[in-house]
1. Quick one: which of LEU71, LEU113, LEU103 is in contact with a strand residue (DSSP E or B) (Cβ under 6 Å, 6 or more places away or on another chain) and touching a residue at least 24 places away in the same chain (Cβ under 8 Å)?
2. What is the residue count in segment 83-120 for residues that are closer than 25 Å to PRO18 by Cα and aromatic (Phe, Trp, Tyr)?
3. Would you pick out the residues in segment 86-120 that are among the small types (Gly, Ala, Ser) and in contact with a helix residue (DSSP H, G or I) (Cβ under 8 Å, 6 or more places away or on another chain)?
4. Looking at VAL24, VAL60, VAL83 in this structure, which one is at pLDDT below 95, open to solvent by less than 30 Å² (accessible area, probe 1.4 Å) and in contact with a strand residue (DSSP E or B) (Cβ under 9 Å, 6 or more places away or on another chain)?
5. On the given criteria, is ALA93 within 20 Å of VAL8 (Cβ to Cβ) and small (Gly, Ala, Ser)?
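The values are calculated or read from the model by the stated rules, or taken from the named source; none is laboratory data. Just so it is clear, the structure is predicted and the values come from calculations on it, not from any experiment. Here the Cβ positions follow ideal geometry from the backbone for every residue, glycine too, while neighbour counts run over all protein chains shown. Ligands, DNA and RNA are excluded from the accessible area calculation, which covers all protein heavy atoms including side chains. Shrake-Rupley method; radii C 1.70, N 1.55, O 1.52, S 1.80 Å.
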Amino acid sequence: MDEDAPAVLRISHRRAGPAHVIEVAGEIDAGTAPELRRELAQEKVDTTAARLVVVDLSEVGFIDSAGLTILAGLHRRGRERGVSVKVVTRQYAVKRALNITGLDELIPVVADLAEALPAE
C-alpha cells in the first residue's frame with residue numbers, strides 16, 4: 001500500500017430483523033475515525049425501530065483509541081435510549097484493543113454476525 005495514499009474505510013448500513021447492522025472494513029485510526037464517527041452518528045443509526053445495533057468489525061484489522069472512543073460513545077448513546085450495542089470480530093488486534101481498554105466489559109464482543117443477532 002502506498003504510504004501517501006489516504007486511508008480508506010468502507011462502511012455500510014443494513015437492517016437484519018430487529019437490528020441495525022453497520023459493517024466496517026479497513027483500519028480505524030485517526031485518519032479514518034471522522035468517517036466512522038459520521039456513520040455512527042445518531043441520525044444515521046436507526047435507534048427508533050432497532051433495539052440492537054451491531055457493529056461488524058470482521059474486516060477491520062486495526063483499531064486505535066479514536067475508534068474505541070467512537071464505540072464507547074455509541075454504547076453510551078444506545079444505553080440512554082434503551083438500545084443494545086454488540087461488536088462482531090475475530091481479529092486479534094481488535095479484540096485485544098477492546099480488552100485492554102475494558103470496553104469489552106461494556107459492549108458484548110462476539111465472533112460472528114449470527115451470534116450477534118437475536119434468534120428469530
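1. LEU113
2. Residues that pass the stated criteria total 0.
3. ALA97
4. When all the criteria are applied, what remains is VAL83.
5. yes
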